[in-house]
Amino acid sequence: MLNLKSETARSLRNALRANAVFSGLSGLLIVILHSQVLLWLGLVEINIMVLGVGLVLFSAYLFWMGSREQLDKSMVTGVIGGDWLWVVASAVLLVFKGEMFSTLGVFLVTDVALLVMVFAIWQQRGLKAASQTARV
């Protein structure tokens, strides 16, 4: 178990909360402005509402994780794995189906993937620091 209230876990808590804010805002943007988001991406007739709702739920989960005093390491590892999966899936999507996106859409998918990669790395470093403290 990780003690998220320790000083060494501050980076992990901050990474989880930053990821939660970005995921929540992205999800709300998709839910509220789904037609506009499709236009920006250059897509038509795709139901992205599920993605928006999923991101809002993911955001709530991350906020919950960041508010815990104790947290199982596997939960954080799962979030990090999910973030890396998003990055890889975005790259695969752009390589094999990039033509379905507008130029702005390619830019947005790429930028979101890069930001998610930053969250994954930040969370990995925070987890490593929190784990080292837990072993001492």
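Quick notes
- Taking the criterion of being of a type in the set (V, I, T), in a helix (DSSP H, G or I) and farther than 17 Å from L62 by Cα, the only residue of segment 118-136 that qualifies is T133.
- Count of residues meeting criterion [loosely packed, with under 15 Cβ neighbours inside 10 Å and over 9 Å from V87 (Cα atoms)] in segment 100-114: 5
- Test result for Q36, within 22 Å of R10 (Cα to Cα), out of contact with any Cys (no Cβ under 7 Å at 6 or more places or on another chain) and not charged (D, E, K, R): no
- Considering segment 8-33, the residues that are over 18 Å from the mean Cα position of the chain (by Cα) and modelled with pLDDT of 95 or more include one that is farthest from G105 (Cα to Cα), namely I32.
- Selected residue [in contact (Cβ under 8 Å) with a residue 40 or more places away in the chain and part of a helix (DSSP H, G or I)] from L115, L94: L115
- Hey, L71 among the aliphatic types (A, V, I, L, M), loosely packed, with under 13 Cβ neighbours inside 10 Å and either under 14 Å from the mean Cα position of the chain (by Cα) or modelled with pLDDT under 95 (or both) or not: no
- Residues of segment 70-87 that are part of a helix (DSSP H, G or I), farther than 17 Å from A20 by Cβ and out of contact with any helix residue (DSSP H, G or I) (no Cβ under 9 Å at 6 or more places or on another chain): S74, L85.
The values are calculated or read from the model by the stated rules, or taken from the named source; none is laboratory data. What you are looking at is a predicted structure, and each value in this text was computed from that prediction instead of being measured. Positions of Cβ are generated from backbone atoms using ideal geometry, with glycine treated the same way; all protein chains shown enter the neighbour counts.
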